[in-house]
Amino acid sequence: MTLAEFTSSVSKTKPPSNLAPALAALWWAERGDWDNAHALVMDESGKDCAWVHAYLHRVEGDLGNARYWYGQAGKAPATGRLRAEWDSIAAALLATRPAK
């Protein structure tokens with residue numbers, strides 16, 4: 001799936017099937033459903049979920065919590081536009097998905 005395909009899928013009522021929790025959370029975040037997005041990553045382990053978790057706390061304005069999760073993800077805290085960060089995370093996660 002390309003970034004453009006993933007982004008356009010947000011117009012549907014449900015995320016594409018077989019998305020990893022981090023990508024599913026980004027999908028829900030883009031639809032404006034922060035709570036659903038957060039629920040998907042808050043109890044998951046792994047750097048991908050930590051990265052999305054950081055992004056979500058940045059979206060809500062909790063920069064201290066976001067910094068913690070960026071650290072868990074092994075990423076420097078983002079400072080640019082949220083849109084650019086969403087695109088960057090989505091592209092990175094899509095690039096690591098197994099080919100079908």
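The values are calculated or read from the model by the stated rules, or taken from the named source; none is laboratory data. A quick note: this is a predicted structure, and the numbers were derived from the prediction, not measured. Ideal geometry is used to build each Cβ from the backbone, glycine not excepted, and the neighbour counts take in all protein chains shown. Heads up: the accessible areas ignore ligands, DNA and RNA and are worked out on the full protein's heavy atoms, side chains in. Shrake-Rupley method; radii C 1.70, N 1.55, O 1.52, S 1.80 Å.
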Practice task
Kindly indicate whether Arg97 is of a type in the set (D, E, K, R) and within 14 Å of Ala20 (Cβ to Cβ).
Solution key: yes
Practice task
Test Ala39 against the criterion of being out of contact with any Leu (no Cβ under 6 Å at 6 or more places or on another chain), open to solvent by 50 Å² or more (accessible area, probe 1.4 Å), assigned to a helix (DSSP H, G or I) and of a type in the set (Gly, Ala, Ser), and give yes or no.
Solution key: yes
Handout entry: Tabulated pairs, the stretch 60-89, first farther than 18 Å from Trp28 by Cβ, second among the acidic types (Asp, Glu) and open to solvent by 60 Å² or more (accessible area, probe 1.4 Å), C-beta under 9 angstrom, 6+ apart or interchain
Key = Ala73/Asp48
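If I filter the stretch 52-66 for residues that are among the aromatic types (Phe, Trp, Tyr) and open to solvent by 30 Å² or more (accessible area, probe 1.4 Å), do I get at least one hit?
no
Okay, residues lined up against (1) under 17 Å from Ser88 (Cβ atoms); (2) without any contact (Cβ under 8 Å) to a residue 12 or more places away in the chain; (3) surrounded by 13 or more Cβ atoms within 10 Å (Cβ to Cβ):
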| site | (1), (2), (3) |
| --- | --- |
| Thr13 | no, yes, no |
| Ala25 | yes, no, yes |
| Trp34 | no, no, yes |
| Glu44 | no, no, yes |
Practice task
Considering every residue within the stretch 48-56, establish whether at least one is part of a helix (DSSP H, G or I), of a type in the set (D, E, K, R) and either at pLDDT 95 or above or in contact with a helix residue (DSSP H, G or I) (Cβ under 7 Å, 6 or more places away or on another chain) (or both).
Solution key: yes
